[in-house]
Ligand SMILES: Nc1ncnc2c1ncn2[C@@H]1O[C@H](COP(=O)(O)OP(=O)(O)OP(=O)(O)O)[C@@H](O)[C@H]1O
Ligand SMILES: [Mg+2]
């Protein structure tokens, strides 16, 4: 059997905020194609873990390895350049701007105009590619010039994920992606996560919703008071059993 090495690993990662130890000695191996759910009660350290992984905060100790290399992310933009994208609950979309403009924000395509010296935005190529990114997520929206404010919650998530794909992210971190959504929208977002898994993306998912976790995750890690207390494949685990594990701190 060939040994598969993890896509990224955390080794003995800790994070202190003054006197508060938000994370202590966390080890985590994440493999390509995993959808790993990070669960735990309020204040367990889930968001802190994501912030350290996404470059929003710098760990107080320990190491983060990505594809075998030690990483020192200085900012979310830095992490994104290395293929680690984070989608926060507010999605950070510009509601008045089009789907295309949101997907290409900060990474617009241009084309030459009047020879070599002048470049203009290549709107047609961006719109075509925007459509292709959405199609990879099995989402079709007729008009790429639609302002994002007119989309449903699920479609907005698809735009935010497409933006991560535009940056060639292979690790996509999502903090509570279904928290503000209704039943249909939640089902759509769970489908988006499944599509990411099928296309060999790796997803780190924070969720308080046990039904969502058992529906899409391949693995779950449970945090309690900043420590990882449990880490297991989902393998048909029920939502009730997962809730029980979180309440008992992984016992
Ligand atoms: N910027 C900060 N300054 C001080 N303490 C913080 C800061 N951010 C988080 N903490 C503390 O670190 C601990 C972990 O917080 P974190 O936000 O990671 O928890 P969480 O698991 O995401 O909780 P929730 O489910 O409520 O979102 C908590 O005790 C919290 O009060
Ligand atoms: Mg949180």
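Looking at the stretch 35-58, which of the residues that are modelled with pLDDT under 95 and away from ligand 2 (no atom under 16 Å from the Cβ) is surrounded by the most Cβ atoms within 10 Å (Cβ to Cβ)?
Restricting to residues being modelled with pLDDT under 95 and away from ligand 2 (no atom under 16 Å from the Cβ), the top hit is 55.
Sort out which residues of the stretch 197-208 are within 16 Å of ligand 2 (Cβ to nearest atom) and either in a strand (DSSP E or B) or surrounded by 19 or more Cβ atoms within 10 Å (Cβ to Cβ) (or both), and write them in order of number.
204, 205, 206, 207
Just wondering, is there one or more residues in the stretch 37-47 that are within 16 Å of ligand 1 (Cβ to nearest atom), part of a strand (DSSP E or B), over 18 Å from the mean Cα position of the chain (by Cα) and more than 25 Å from residue 200 (Cβ to Cβ)?
No, the conditions are met nowhere in the stretch 37-47.
Could you tell me whether any residue of the stretch 70-78 is exposed (fewer than 14 other Cβ atoms within 10 Å of the Cβ), touching a strand residue (DSSP E or B) at 6+ places or on another chain (Cβ under 8 Å) and closer than 27 Å to residue 135 by Cβ?
So far as the stretch 70-78 goes, no, none of its residues is exposed (fewer than 14 other Cβ atoms within 10 Å of the Cβ), touching a strand residue (DSSP E or B) at 6+ places or on another chain (Cβ under 8 Å) and closer than 27 Å to residue 135 by Cβ.
Take residue 245 and decide whether it is over 21 Å from the mean Cα position of the chain (by Cα) and either buried (at least 17 other Cβ atoms within 10 Å of the Cβ) or part of a helix (DSSP H, G or I) (or both).
So residue 245 passes the test.
Take residue 51 and decide whether it is outside any loop (DSSP other than H, G, I, E, B) and out of contact with any strand residue (DSSP E or B) (no Cβ under 7 Å at 6 or more places or on another chain).
Considered against the rule, which asks whether it is outside any loop (DSSP other than H, G, I, E, B) and out of contact with any strand residue (DSSP E or B) (no Cβ under 7 Å at 6 or more places or on another chain), residue 51 comes out as yes.
Mind checking which pairs have a first residue in the stretch 36-48 that is in contact (Cβ under 8 Å) with a residue 24 or more places away in the chain and within 19 Å of residue 64 (Cβ to Cβ) and a second that is part of a helix (DSSP H, G or I) and near ligand 1 (Cβ under 6 Å from one of its atoms), Cβ under 6 Å, 6 or more apart or different chains?
From the stretch 36-48, the pairs are 38/46.
Within the stretch 103-196, considering only strands (runs of 3 or more DSSP E) that don't extend past its boundaries, which have at least 3 residues that are in contact (Cβ under 8 Å) with a residue 24 or more places away in the chain and either farther than 18 Å from residue 83 by Cα or in contact with a helix residue (DSSP H, G or I) (Cβ under 7 Å, 6 or more places away or on another chain) (or both)?
171-175
The values are calculated or read from the model by the stated rules, or taken from the named source; none is laboratory data. Small disclaimer: the values here were computed from a predicted structure and weren't measured. Quick reminder, even Gly has a Cβ in these numbers, built from the backbone with ideal geometry, and neighbours come from all protein chains shown.
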